[in-house]
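*Asks:* My structure is below; once you've seen it, I'll send some questions.
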Amino acid sequence: MSNFFALLSRMKYIDRWALMRSARRENVSEHSLEVAMLAHALAVLGNTYLGKNHDAAACALAAIYHDAPEIITGDMPTPVKYNNKTLSLAYKELEKETETKLLSMLPTEMRESFLPLISPSDTEVRRIVKAADKLSAYIKCIEEEKSGNMEFASAKKSTKAALDTCGVPEVALFFKHFIDGYGKTLDELTL
């Protein structure tokens, strides 16, 4: 008997943005869904406009599982995670150990199928998922500012700078085609 999926279902209990006052709380489960949609979109944008050959489904599936280790580790706030190189390396090691632990919870026959989801080896998939994760953070900042919460102004600025320099041209295409919609009201979106 495996507890793998029961453990994954607990992503909904892990809050994000723990150091920030949020107008709307966000959990790892809903974040993972958004990152999956964004990763799929980035892959399709690359394929459509840049002549890439991304596996959009693989990007979306890897994005679903990209924060699965946080079920065990919790969500380490970005300023803490990247403020100290030693801590950052230790956290990356902890994430790798957690990925191994999660995979070991699956029946042996299923592990090979889940390995590229929990720990993708494809560099393009990892690159797209990382960009989608950062894009999701930027969208969260837009939504918080839209609700009148200026707590995210600095995070928005640094996240945008990271997106501008991430080396993923699909991000610029997403901004060109889709980012303006996140500042609109429901009525404006449906007109």
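*Asks:* Give the residue that is surrounded by the most Cβ atoms within 10 Å (Cβ to Cβ), with candidates limited to residues of segment 5-32 that are closer than 23 Å to Glu151 by Cβ and aliphatic (A, V, I, L, M).
*Replies:* Filtering first and then ranking leaves Val28.
*Asks:* Looking at segment 63-108 only, could you name the residues that are over 20 Å from the mean Cα position of the chain (by Cα) and among the polar types (S, T, N, Q)?
*Replies:* Asn84, Thr86, Ser104, Thr108
*Asks:* Given the options Ser158, Ser154, Ser147, name the one that is out of contact with any Phe, Trp or Tyr (no Cβ under 8 Å at 6 or more places or on another chain), within 14 Å of Met20 (Cα to Cα) and either among the hydroxyl-bearing types (Ser, Thr, Tyr) or without any contact (Cβ under 8 Å) to a residue 60 or more places away in the chain (or both). Spell out how you get there, then give the answer.
*Replies:* On the way: Ser158 fails: within 14 Å of Met20 (Cα to Cα); Ser147 fails: within 14 Å of Met20 (Cα to Cα).
Criteria check complete, one pass: Ser154.
*Asks:* Since Asp75 meets every condition but one in (1) surrounded by fewer than 16 Cβ atoms within 10 Å (Cβ to Cβ); (2) at pLDDT below 95, which condition does it not meet?
*Replies:* Failed condition: (1).
The values are calculated or read from the model by the stated rules, or taken from the named source; none is laboratory data. Worth saying up front: this structure is predicted, and the values here are computed from it rather than measured. FYI the Cβ positions are ideal-geometry reconstructions off the backbone, even for glycines, and counts take in every protein chain you see.
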